[in-house]
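K.L.:
Can you read through this structure? Questions will come right after.
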Amino acid sequence: MSTPHTKTYVLVHGAWHSGRVWDRVVPLLTRAGHRVFAPSLTGHGEKEHLLTADVSLDTHIGDVVALLGEQDLTDVVLVGHSYAGMVISGVANEVPDRIAHLVYVDAMVPTDGESARDVIPGMTQRLIDAAAASDAPWRIPPVPEMPAPMGLFGVTDPADTAWLRTMLSDESVRCFLQPVRLDNPAMDAISRTHIHCVGSAPGNVTRRPVPAVRPGGTASQVWELQSGHDCMVTVPDALAELLLKAG
(Lines give C-alpha, C1' and ligand atoms only; values in the text may rest on other atoms or scores of the structure.)
Protein backbone atom coordinates (compact mmCIF):
# COMPACT_ATOMS: atom_id res chain seq x y z
CA MET A 1 0.00 0.00 0.00
CA SER A 2 1.08 3.58 -0.63
CA THR A 3 2.02 6.01 2.12
CA PRO A 4 0.40 9.48 2.00
CA HIS A 5 3.44 10.76 0.08
CA THR A 6 3.94 7.77 -2.20
CA LYS A 7 1.88 7.01 -5.27
CA THR A 8 1.54 3.65 -6.96
CA TYR A 9 1.64 3.84 -10.74
CA VAL A 10 0.62 1.03 -13.07
CA LEU A 11 1.69 1.81 -16.64
CA VAL A 12 -0.11 -0.15 -19.36
CA HIS A 13 1.37 -0.24 -22.86
CA GLY A 14 -0.57 0.02 -26.08
CA ALA A 15 -1.13 -2.46 -28.90
CA TRP A 16 1.94 -4.20 -30.34
CA HIS A 17 4.23 -2.85 -27.59
CA SER A 18 5.51 -4.38 -24.34
CA GLY A 19 6.08 -3.16 -20.81
CA ARG A 20 9.65 -2.23 -21.81
CA VAL A 21 8.34 0.80 -23.69
CA TRP A 22 8.10 2.54 -20.29
CA ASP A 23 11.77 1.87 -19.43
CA ARG A 24 12.71 5.54 -19.69
CA VAL A 25 9.77 6.70 -17.56
CA VAL A 26 9.88 4.16 -14.72
CA PRO A 27 13.17 5.37 -13.17
CA LEU A 28 11.97 8.98 -13.25
CA LEU A 29 8.91 8.05 -11.20
CA THR A 30 10.78 5.78 -8.82
CA ARG A 31 13.44 8.42 -8.18
CA ALA A 32 10.61 10.71 -7.14
CA GLY A 33 9.75 8.16 -4.46
CA HIS A 34 6.90 6.27 -6.07
CA ARG A 35 6.16 2.60 -6.79
CA VAL A 36 5.83 1.69 -10.45
CA PHE A 37 4.64 -1.41 -12.26
CA ALA A 38 4.87 -1.72 -16.05
CA PRO A 39 3.58 -5.19 -16.99
CA SER A 40 3.59 -6.75 -20.44
CA LEU A 41 0.13 -7.83 -21.50
CA THR A 42 -0.57 -11.37 -22.72
CA GLY A 43 0.98 -11.87 -26.16
CA HIS A 44 3.61 -9.18 -25.71
CA GLY A 45 7.18 -8.88 -24.46
CA GLU A 46 8.14 -11.86 -22.32
CA LYS A 47 4.59 -13.16 -22.89
CA GLU A 48 4.75 -12.97 -26.68
CA HIS A 49 4.63 -16.77 -26.95
CA LEU A 50 1.15 -16.70 -25.38
CA LEU A 51 -0.41 -14.85 -28.31
CA THR A 52 -3.30 -16.83 -29.82
CA ALA A 53 -6.51 -16.03 -31.65
CA ASP A 54 -8.30 -16.19 -28.29
CA VAL A 55 -6.38 -13.30 -26.73
CA SER A 56 -8.84 -10.45 -26.37
CA LEU A 57 -9.49 -7.16 -24.65
CA ASP A 58 -10.89 -9.14 -21.72
CA THR A 59 -7.59 -11.05 -21.54
CA HIS A 60 -5.68 -7.80 -21.14
CA ILE A 61 -8.15 -6.36 -18.64
CA GLY A 62 -7.74 -9.60 -16.68
CA ASP A 63 -3.93 -9.23 -16.79
CA VAL A 64 -4.09 -5.87 -15.03
CA VAL A 65 -6.84 -6.85 -12.59
CA ALA A 66 -4.76 -9.88 -11.60
CA LEU A 67 -1.67 -7.72 -11.05
CA LEU A 68 -3.60 -5.36 -8.78
CA GLY A 69 -4.92 -8.28 -6.78
CA GLU A 70 -1.67 -10.24 -6.55
CA GLN A 71 0.26 -7.17 -5.39
CA ASP A 72 -2.69 -5.90 -3.29
CA LEU A 73 -2.43 -2.51 -4.95
CA THR A 74 -4.82 0.27 -3.95
CA ASP A 75 -5.02 4.02 -4.62
CA VAL A 76 -3.47 3.26 -8.00
CA VAL A 77 -2.73 5.84 -10.67
CA LEU A 78 -3.61 3.67 -13.66
CA VAL A 79 -2.02 4.87 -16.89
CA GLY A 80 -2.98 3.60 -20.33
CA HIS A 81 -1.32 4.44 -23.64
CA SER A 82 -3.17 4.23 -26.96
CA TYR A 83 -5.18 0.94 -27.13
CA ALA A 84 -4.63 0.57 -23.37
CA GLY A 85 -7.22 3.30 -22.86
CA MET A 86 -9.65 0.44 -23.55
CA VAL A 87 -7.84 -1.73 -21.01
CA ILE A 88 -7.69 0.75 -18.12
CA SER A 89 -11.35 1.65 -18.66
CA GLY A 90 -12.29 -2.01 -18.32
CA VAL A 91 -10.09 -2.40 -15.24
CA ALA A 92 -11.73 0.61 -13.59
CA ASN A 93 -15.11 -0.96 -14.26
CA GLU A 94 -14.00 -4.22 -12.64
CA VAL A 95 -12.16 -2.91 -9.57
CA PRO A 96 -12.98 0.79 -9.09
CA ASP A 97 -12.13 0.53 -5.39
CA ARG A 98 -8.45 -0.01 -6.28
CA ILE A 99 -8.13 2.97 -8.64
CA ALA A 100 -7.43 6.52 -7.47
CA HIS A 101 -6.92 8.13 -10.87
CA LEU A 102 -7.00 7.22 -14.57
CA VAL A 103 -4.52 8.71 -17.04
CA TYR A 104 -5.19 8.35 -20.76
CA VAL A 105 -1.95 8.93 -22.70
CA ASP A 106 -2.86 9.62 -26.33
CA ALA A 107 -5.35 6.86 -25.70
CA MET A 108 -8.66 5.44 -26.84
CA VAL A 109 -11.46 6.59 -24.55
CA PRO A 110 -14.46 4.30 -25.03
CA THR A 111 -18.04 4.44 -23.84
CA ASP A 112 -19.94 1.38 -22.63
CA GLY A 113 -20.22 -1.33 -25.29
CA GLU A 114 -17.63 0.13 -27.66
CA SER A 115 -14.68 -1.71 -29.18
CA ALA A 116 -11.39 -0.24 -30.34
CA ARG A 117 -12.80 -0.38 -33.87
CA ASP A 118 -15.71 1.79 -32.73
CA VAL A 119 -13.40 4.36 -31.14
CA ILE A 120 -11.04 4.65 -34.13
CA PRO A 121 -13.00 3.03 -36.96
CA GLY A 122 -11.09 3.93 -40.13
CA MET A 123 -7.53 2.94 -39.30
CA THR A 124 -8.52 -0.03 -37.14
CA GLN A 125 -10.84 -1.47 -39.79
CA ARG A 126 -8.09 -1.23 -42.41
CA LEU A 127 -5.74 -3.20 -40.16
CA ILE A 128 -8.41 -5.85 -39.55
CA ASP A 129 -9.17 -6.10 -43.29
CA ALA A 130 -5.48 -6.48 -44.11
CA ALA A 131 -5.18 -9.29 -41.57
CA ALA A 132 -8.25 -11.00 -43.00
CA ALA A 133 -6.57 -11.14 -46.41
CA SER A 134 -3.37 -12.67 -44.98
CA ASP A 135 -2.33 -16.21 -44.11
CA ALA A 136 -3.02 -15.46 -40.42
CA PRO A 137 -6.32 -13.57 -40.38
CA TRP A 138 -6.47 -13.46 -36.59
CA ARG A 139 -3.27 -11.50 -36.05
CA ILE A 140 -2.33 -7.93 -36.91
CA PRO A 141 1.34 -7.02 -37.32
CA PRO A 142 2.62 -3.65 -36.06
CA VAL A 143 1.89 -0.70 -38.30
CA PRO A 144 4.81 0.02 -40.66
CA GLU A 145 7.25 2.87 -40.25
CA MET A 146 6.27 5.99 -42.18
CA PRO A 147 8.25 9.01 -43.39
CA ALA A 148 8.92 11.75 -40.83
CA PRO A 149 7.26 13.26 -38.93
CA MET A 150 5.14 10.11 -38.47
CA GLY A 151 8.00 7.61 -38.21
CA LEU A 152 7.29 4.49 -36.18
CA PHE A 153 4.49 5.39 -33.76
CA GLY A 154 5.81 8.95 -33.88
CA VAL A 155 9.41 7.92 -33.19
CA THR A 156 11.85 9.19 -35.83
CA ASP A 157 15.32 9.05 -34.26
CA PRO A 158 17.10 6.03 -35.82
CA ALA A 159 18.46 4.72 -32.51
CA ASP A 160 15.10 5.09 -30.80
CA THR A 161 13.34 3.46 -33.74
CA ALA A 162 15.72 0.49 -33.63
CA TRP A 163 15.13 0.11 -29.88
CA LEU A 164 11.36 0.34 -30.31
CA ARG A 165 11.36 -2.40 -32.96
CA THR A 166 12.87 -4.83 -30.44
CA MET A 167 9.70 -4.72 -28.34
CA LEU A 168 7.01 -4.85 -31.03
CA SER A 169 4.93 -7.95 -31.75
CA ASP A 170 1.61 -8.85 -33.35
CA GLU A 171 -1.82 -8.13 -31.88
CA SER A 172 -4.86 -10.40 -31.88
CA VAL A 173 -7.79 -9.13 -33.95
CA ARG A 174 -10.11 -9.88 -31.01
CA CYS A 175 -8.41 -7.14 -29.00
CA PHE A 176 -9.80 -4.59 -31.44
CA LEU A 177 -13.23 -6.20 -31.89
CA GLN A 178 -14.31 -7.03 -28.35
CA PRO A 179 -16.51 -4.39 -26.70
CA VAL A 180 -15.66 -3.07 -23.25
CA ARG A 181 -18.14 -3.15 -20.37
CA LEU A 182 -18.41 0.14 -18.51
CA ASP A 183 -21.58 -0.44 -16.52
CA ASN A 184 -20.31 0.06 -12.96
CA PRO A 185 -21.53 3.42 -11.64
CA ALA A 186 -18.67 3.46 -9.12
CA MET A 187 -16.15 4.16 -11.86
CA ASP A 188 -17.76 7.54 -12.55
CA ALA A 189 -16.24 8.84 -9.32
CA ILE A 190 -12.67 8.13 -10.50
CA SER A 191 -10.90 11.31 -11.59
CA ARG A 192 -9.17 11.38 -14.96
CA THR A 193 -6.34 13.04 -16.80
CA HIS A 194 -6.00 13.05 -20.59
CA ILE A 195 -2.58 13.64 -22.14
CA HIS A 196 -2.71 14.36 -25.87
CA CYS A 197 0.39 14.05 -28.02
CA VAL A 198 0.18 16.86 -30.54
CA GLY A 199 3.55 16.70 -32.27
CA SER A 200 2.36 14.45 -35.09
CA ALA A 201 -0.90 12.67 -35.72
CA PRO A 202 -2.14 10.58 -38.66
CA GLY A 203 -4.47 12.61 -40.83
CA ASN A 204 -7.03 9.79 -40.82
CA VAL A 205 -7.33 9.64 -37.01
CA THR A 206 -9.73 12.05 -35.32
CA ARG A 207 -9.41 12.44 -31.57
CA ARG A 208 -12.67 12.57 -29.69
CA PRO A 209 -13.24 15.73 -27.69
CA VAL A 210 -12.97 15.20 -23.93
CA PRO A 211 -16.13 16.21 -22.04
CA ALA A 212 -15.44 19.18 -19.78
CA VAL A 213 -17.19 17.47 -16.88
CA ARG A 214 -17.16 13.77 -15.98
CA PRO A 215 -20.42 11.91 -15.17
CA GLY A 216 -19.41 12.00 -11.50
CA GLY A 217 -19.31 15.79 -11.62
CA THR A 218 -15.51 16.22 -11.61
CA ALA A 219 -13.81 18.36 -14.22
CA SER A 220 -11.71 16.63 -16.87
CA GLN A 221 -8.00 17.42 -16.83
CA VAL A 222 -6.50 17.70 -20.32
CA TRP A 223 -2.84 18.37 -21.08
CA GLU A 224 -0.88 18.44 -24.32
CA LEU A 225 2.61 17.15 -25.09
CA GLN A 226 4.66 18.27 -28.08
CA SER A 227 5.49 14.72 -29.08
CA GLY A 228 4.69 11.93 -31.44
CA HIS A 229 2.46 9.07 -30.30
CA ASP A 230 5.07 7.12 -28.32
CA CYS A 231 5.88 9.99 -25.98
CA MET A 232 7.35 7.64 -23.37
CA VAL A 233 10.16 6.96 -25.85
CA THR A 234 10.73 10.46 -27.22
CA VAL A 235 9.98 12.78 -24.27
CA PRO A 236 10.08 10.62 -21.12
CA ASP A 237 11.00 13.53 -18.85
CA ALA A 238 8.07 15.66 -19.99
CA LEU A 239 5.68 12.72 -19.69
CA ALA A 240 6.93 11.80 -16.23
CA GLU A 241 6.47 15.40 -15.11
CA LEU A 242 2.82 15.28 -16.14
CA LEU A 243 2.29 11.87 -14.53
CA LEU A 244 3.70 13.21 -11.27
CA LYS A 245 1.14 16.04 -11.40
CA ALA A 246 -1.79 13.75 -12.24
CA GLY A 247 -4.22 12.67 -9.59
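K.L.:
Evaluate the charge dipole of the stretch 52-121 about its Cα centre and quote only its size in Debye, nearest 20, assuming +1 on the Cβ of each Lys and Arg and -1 on the Cβ of each Asp and Glu.
P.N.:
180 debye
K.L.:
For the stretch 1-138, place one equal point scatterer on every Cα, skip the solvent, and apply the Debye formula. What is log10 of I(q)/I(0) at q = 0.16 Å⁻¹?
P.N.:
-0.84
K.L.:
Quick query: amide H of Phe37 versus all other amide H atoms, modeled in the peptide plane; which residues come in under 5 Å with a sequence gap of 5 or more or a different chain?
P.N.:
The list, which skips near neighbours in sequence, is Tyr9, Val10, Leu11.
K.L.:
Order Asp135, Asp75, Asp160 by their accessible area, 1.4 angstrom probe, all chains in place, largest first.
P.N.:
Asp135, Asp75, Asp160
K.L.:
If you don't mind, there's one more thing I want to ask. Calculate I(q)/I(0) for the chain by the Debye formula, one identical point scatterer on each C-alpha and no solvent, and give its log10 at q = 0.08, 0.11, 0.15, 0.16 Å⁻¹ to two decimals.
P.N.:
-0.27, -0.53, -1.05, -1.22
K.L.:
When all protein chains stay in place, what accessible area (Å², nearest 10, 1.4 Å probe) is found for Arg165?
P.N.:
Arg165 exposes around 130 Å² with every protein chain in place.
K.L.:
On the accessible surface of the stretch 112-247, probed at 1.4 Å, how many percent belong to carbon and sulfur atoms?
P.N.:
Percent of accessible area from carbon and sulfur atoms in the stretch 112-247: 57.
K.L.:
For the pair Ile128 and Asp157, what calculated FRET efficiency results from E = 1/(1 + (r/R0)^6), where r is the Cβ-Cβ distance and R0 = 35 Å, to the nearest 0.05?
P.N.:
Efficiency computed from Cβ-Cβ geometry: 0.70.
K.L.:
Still on this structure, I have one more. What FRET efficiency would be calculated for the residue pair Val143, Val210, taking the C-beta separation as r and a Förster radius of 22 Å, to the nearest 0.05?
P.N.:
About 0.35, to the nearest 0.05.
K.L.:
Right, another one. Rolling a 1.4 Å sphere over the protein heavy atoms, what is the accessible area per residue of the chain, to the nearest Å²?
P.N.:
So the chain comes to 43 Å² accessible per residue, rounded to a whole number.
K.L.:
Show the residues, 5+ positions off or on another chain, whose built amide H is closer than 5 Å to the amide H of Val76.
P.N.:
Amide H to amide H, under 5 Å and 5 or more residues apart or across chains, Val76 pairs with Ile99, Ala100, His101.
The values are calculated or read from the model by the stated rules, or taken from the named source; none is laboratory data. Not measured: the values here are computed from a predicted model. Positions of Cβ are generated from backbone atoms using ideal geometry, with glycine treated the same way; all protein chains shown enter the neighbour counts. Areas reflect the complete protein model, heavy atoms only, side chains present, ligands, DNA and RNA absent. Shrake-Rupley method; radii C 1.70, N 1.55, O 1.52, S 1.80 Å.
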